[in-house]
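Notes for the one structure printed next.
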Amino acid sequence: MKQVKVILFNLILLAFSILTVVPFVWMLVSSFKPNSEIVKIGGSFLPDTFTIQNYINVQERFDFLRMFGNSLFVAVVVTGTVIYTSAIVGFALAKYTFKGREFIFGMILGTMMIPWAVTIIPRYDMIVNFGWLDSYIALILPSIFSGFGIFLLRQNIMTIPDDVIEAARMDGATEWYIFHRVILPMSRNAISSIAIFQFLWVWEDFLWPYLIINTQSKQLIAVGLKLFSGQYGTDYGGLFAATAISIIPVIIVYVTFQKRFIAGISGAAVKG
Amino acid sequence: MFKKLWISMLVLLSVLVACSGGGASNNLTKDETPDKGMEVFGEAVMFNPNKLVNDGEPITIELWTWGAEDVFQKQIDAYKEIYPNVDIKTVVNPWDEMWTKLPLALQGDDGPALFNIHNSQHDNLINFLAPYDIPLADLQADFSGVDAHIIDGDIHYFDIGIMTGSIFYNKVLWEEAGLTEEDIPHTWEEFALVAKQLTKKDDTGSIIQAGYNFNGDYQAMVLGLPYQQEDLLFSENGQNINYDSEARLAFTEYLHELYYEHEVGSPNFGDDSSQSFGNGQSAMVYKWGWFQGELNNNYPDIEWGVFQTPFITEEIPFAIDRYNGESTFGINKNAPSAEQEVAQDFVRFVLAGDDFSVDYALLNSTFPTKYAVANHAEILSNPVLSVLSENIDRYMWPGPFPAIIETVSGQVFQEIFYNRKDIESVLSQAQEDIENGMSQSKFISAEKNYLHYND
């Protein structure tokens with residue numbers, strides 16, 4: 001009976017996973033079809049006419065690889081910086097006792113409650129006044145601190161016993177050494193979670209890079225994907241090919257961090 | 001783990017940088033030759049190339065657009081050939097989002113000096129526009145789309161092309177039904193008969209080929225075709241909607257009869273007439289000029305033809321249909337004066353020549369408003385434009401009316417054709433809904449500018 005239940009449960013999971021994966025596979029397969037086949041009513045799942053023209057076109061029309069590279073650069077820099085700043089602030093909030101600690105933590109949590117859309121106009125004005133329009137500093141600098149990242153790492157670092165830190169201090173370790181050699185390695189699960197979330201957010205972010213960057217050669221991939229939808233129609237083949245390329249780094253990041261991802265999230269959820 | 005990831009990301013990044021093309025180099029040279037030895041060209045709007053722009057000093061301006069970059073680039077290249085000290089960088093934006101970014105950018109002096117306008121964004125942009133530095137009379141002499149855009153005696157942009165509706169038909173299905181060119185209908189009565197001939201049903205009576213499919217097109221038709229019965233969309237003062245009218249009722253009843261009495265199509269025969277036509281399932285559709293591009297791009301195997309939208313009688317009506325214009329460039333009044341000067345000169349260059357009007361017209365099958373190119377061989381050889389050319393002065397532009405009118409028209413179609421509600425009461429409700437939606441609107445119709453308004 002128990003075995004039947006397991007099989008049934010797995011079948012349900014299989015059905016859900018098929019539902020989730022099929023549109024993605026369809027997009028991938030369709031990226032090798034000409035547009036006339038994609039919009040064909042009752043067309044076949046696999047291409048009748050196999051073509052890589054969509055992939056060639058996206059590069060020729062938009063220099064798509066440059067946009068891809070731009071996104072990768074910004075996403076890697078922001079993710080790396082956010083991990084470091086979140087860890088260092090989380091460490092201070094979790095392991096040091098000082099006046100106003102809870103207030104600061106409350107303020108940091110408060111930043112997570114404000115919808116980002118509310119801040120976009122003042123942020124834009126600031127960037128214009130700083131003269132940072134059309135530069136990557138405007139994409140990177142406002143993102144280097146993450147309320148979510150600080151929260152997650154503070155919760156995680158709180159689970160590290162104080163005795164470990166005390167032992168390191170007694171062995172003569174400096175605070176700098178403790179942070180880099182003790183705290184960071186012991187926070188891998190939380191760091192993995194932040195890495196996945198932050199990379200995805202930066203990779204998918206459309207509106208902010210679109211507003212800030214004007215030069216086509218500096219533009220990011222999320223904006224490039226939108227260019228396939230025009231006033232009177234959509235170049236589906238181009239859009240599918242570009243999307244297929246654009247998800248490669250996301251898959252790499254997820255596969256790299258997935259083992260520690262769930263542990264990191266659940267670790268933050270149960271500790272107070 | 002982390003080291004490996006960073007290294008793989010950096011390697012990927014390096015490969016991408018190596019593979020991608022470099023940024024465009026900006027090789028501007030000082031122009032020291034005012035006299036280019038070139039002829040002045042243009043008819044009323046003239047362009048004299050024999051001068052220096054920006055005193056010959058290098059200058060770069062931006063032109064923001066949502067498409068047509070090839071057409072613009074051709075003009076930019078031609079202009080740069082005359083003035084090697086000038087660079088005009090095109091920045092392509094996504095269509096929907098451009099209207100969020102552009103007004104923000106235009107508030108400061110960092111915004112683009114030139115940008116493409118769509119008249120639906122008139123209210124959003126008009127406060128940022130500098131008037132054209134071209135005499136109004138010259139523009140009026142060369143272009144038909146000017147009068148509706150005069151504000152305090154100035155022109156900030158106007159229609160360079162006219163887009164409107166025609167009937168597209170599938171030539172193969174037409175032939176299969178035993179029809180010839182002689183059978184092209186001129187009246188709505190003839191149209192219904194032809195549509196019936198083109199309709200095919202299976203043994204159960206279900207439609208397998210629609211003679212005429214207007215699913216998704218009702219909004220466009222119902223706001224334009226009632227003009228054939230001298231029925232204006234707005235009241236005489238131009239401010240009040242005239243939606244619940246006899247002509248709109250009669251036209252909607254006619255469409256209703258096509259589906260429910262003549263059974264030439266069905267609201268359940270797919271919700272996208274474009275795709276249905278492209279797949280050879282519908283023999284006739286009403287579409288605006290952009291559809292030619294869609295057919296060429298997505299349905300290259302369909303053999304199609306096009307004919308003028310039928311009339312009530314054989315006589316040419318008061319107006320055949322509504323049109324919407326594709327606009328000329330806007331010039332940013334907040335841009336530095338040197339950039340504005342270049343922008344003004346470039347606009348004059350584009351308008352004085354004929355190439356831009358022709359290329360832009362062919363791009364989306366918009367009929368050019370420039371008189372000089374109305375009979376251009378390439379325009380007349382385009383199937384859509386050649387059909388429109390027959391009575392191009394008989395199309396009406398009501399102005400950039402609020403979006404609520406199209407939105408409610410879409411709901412009208414659903415209420416009548418899906419929910420099967422009474423046509424009169426639905427139109428009456430629509431009138432009320434639009435009146436409420438427009439209560440704060442300052443829109444004034446441009447119908448009075450129609451050439452045959454007083455006929």
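The values are calculated or read from the model by the stated rules, or taken from the named source; none is laboratory data. All values derive from a computational prediction rather than experimental measurement. Positions of Cβ are backbone-derived with ideal geometry, glycine not excepted, and every protein chain shown enters the neighbour counts.
Here are a few things to note about the model shown:
- Here residue B:61 passes the criteria (1) in the same structural domain as residue B:343 (by TED's automatic domain parsing); (2) modelled with pLDDT under 95; (3) not in a loop (DSSP other than H, G, I, E, B) except the one numbered (2).
- Scanning the stretch B:77-90 for residues that are surrounded by fewer than 20 Cβ atoms within 10 Å (Cβ to Cβ), closer than 17 Å to residue B:335 by Cβ and either of a type in the set (Val, Ile, Thr) or within 11 Å of chain A (Cβ to nearest Cβ) (or both) yields a count of 2.
- Looking across B:179, B:193, B:255, B:249, one residue alone is out of contact with any strand residue (DSSP E or B) (no Cβ under 7 Å at 6 or more places or on another chain), modelled with pLDDT of 95 or more and assigned to a loop (DSSP other than H, G, I, E, B). It is B:179.
- Residues of the stretch A:248-272 classified as at pLDDT 75 or above and either among the aromatic types (Phe, Trp, Tyr) or surrounded by 15 or more Cβ atoms within 10 Å (Cβ to Cβ) (or both), total: 7
- Every test in (1) more than 14 Å from chain A (Cβ to nearest Cβ); (2) assigned to a strand (DSSP E or B) is passed by residue B:163 save one, and that test is (1).
- In the stretch B:196-212, the residues that are touching a strand residue (DSSP E or B) at 6+ places or on another chain (Cβ under 8 Å) and within 24 Å of residue B:317 (Cβ to Cβ): B:211, B:212
- The single condition from (1) surrounded by fewer than 21 Cβ atoms within 10 Å (Cβ to Cβ); (2) under 14 Å from the mean Cα position of the chain (by Cα); (3) in contact (Cβ under 8 Å) with a residue 24 or more places away in the chain that residue A:194 fails is (1).
- Failed item in (1) without any contact (Cβ under 8 Å) to a residue 60 or more places away in the chain; (2) buried (at least 23 other Cβ atoms within 10 Å of the Cβ), with residue B:367 passing the rest: (1)
- Residues within the stretch B:419-455 that are of a type in the set (A, V, I, L, M, F, W, C) and not in a helix (DSSP H, G or I), tallied: 5
- Selection of the stretch B:239-277 for residues being surrounded by 15 or more Cβ atoms within 10 Å (Cβ to Cβ), within 19 Å of residue B:418 (Cβ to Cβ) and among the aromatic types (Phe, Trp, Tyr) yields B:251, B:254, B:259, B:269.
- Of the residues B:280, B:270, the single one that is over 21 Å from the mean Cα position of the chain (by Cα), within 11 Å of chain A (Cβ to nearest Cβ) and within 18 Å of residue B:176 (Cβ to Cβ) is B:280.
- Inter-residue pairs, beta-carbon under 9 Å, first of a type in the set (Lys, Arg) and in the stretch B:46-68, second part of a helix (DSSP H, G or I), 6+ apart: B:51/B:345
- Qualifying positions in the stretch B:51-76 - under 18 Å from residue B:333 (Cα atoms) and out of contact with any helix residue (DSSP H, G or I) (no Cβ under 8 Å at 6 or more places or on another chain): B:60, B:62
- Checking each residue in the stretch B:364-375 for being farther than 18 Å from residue B:158 by Cβ and of a type outside the set (Gly, Ala, Ser) picks out only B:375.
- Residues located in the stretch B:127-164, provided they are polar (S, T, N, Q) and crowded, with 22+ Cβ neighbours inside 10 Å: B:164
- The residues on offer are B:137, B:195, B:220, and the sole one that is in contact with a helix residue (DSSP H, G or I) (Cβ under 8 Å, 6 or more places away or on another chain) and in contact (Cβ under 8 Å) with a residue 60 or more places away in the chain is B:195.
- Any hit, the stretch B:3-15, residues being modelled with pLDDT of 95 or more and within 14 Å of another protein chain (Cβ to nearest Cβ): no
- If you filter the stretch A:105-133 down to residues that are surrounded by fewer than 16 Cβ atoms within 10 Å (Cβ to Cβ) and assigned to a loop (DSSP other than H, G, I, E, B), you find that the one that is nearest to the chain's Cα centre (by Cα) is A:115.
- Any hit, the stretch A:195-203, residues being more than 9 Å from chain B (Cβ to nearest Cβ) and outside any helix (DSSP H, G or I): no
- If the condition is being under 19 Å from residue A:29 (Cα atoms), within 11 Å of chain B (Cβ to nearest Cβ) and under 13 Å from the mean Cα position of the chain (by Cα), then the stretch A:215-248 contributes only A:248.
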